[in-house]
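The values are calculated or read from the model by the stated rules, or taken from the named source; none is laboratory data. Values in this document were obtained by computation on a predicted structure and should not be read as measured data. Every residue, glycine among them, receives a Cβ derived from its backbone with ideal geometry; neighbour counts consider all protein chains shown.
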């Protein structure tokens, strides 16, 4: 039995007035012979903020960002970051 790790994007949420995108990945261990999932539920997360470089993100995340990040949202978030300094 050989084991492989598979990282699955299993949850995407748009949150806050600035439309931050929360991305959750499930790191699964799979038996590559049978395809049986041996272990799952080991999650890691990250947040993508308006104006971030999303070129390295999954296609689903890029599509959501394109849909919800209007120029108005990006500008408002940039102004908010400056005002918090």
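Tabulated data for the structure shown
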item	result
Some residue of region 43-50 being exposed (fewer than 13 other Cβ atoms within 10 Å of the Cβ) and either in a helix (DSSP H, G or I) or more than 10 Å from the chain's Cα centre (by Cα) (or both)	yes
Residue in region 2-15 that is in contact with a strand residue (DSSP E or B) (Cβ under 8 Å, 6 or more places away or on another chain), touching a residue at least 40 places away in the same chain (Cβ under 8 Å) and part of a helix (DSSP H, G or I) present	no
Single match in 53, 75 (criterion: modelled with pLDDT of 95 or more and surrounded by 12 or more Cβ atoms within 10 Å (Cβ to Cβ))	75
Residue list for region 16-34, restricted to those being closer than 23 Å to residue 49 by Cβ and in contact with a strand residue (DSSP E or B) (Cβ under 6 Å, 6 or more places away or on another chain)	20, 21, 22, 23, 24, 25, 26
Residue 61 vs. criteria assigned to a helix (DSSP H, G or I), touching a strand residue (DSSP E or B) at 6+ places or on another chain (Cβ under 7 Å), surrounded by 13 or more Cβ atoms within 10 Å (Cβ to Cβ) and modelled with pLDDT of 95 or more	yes
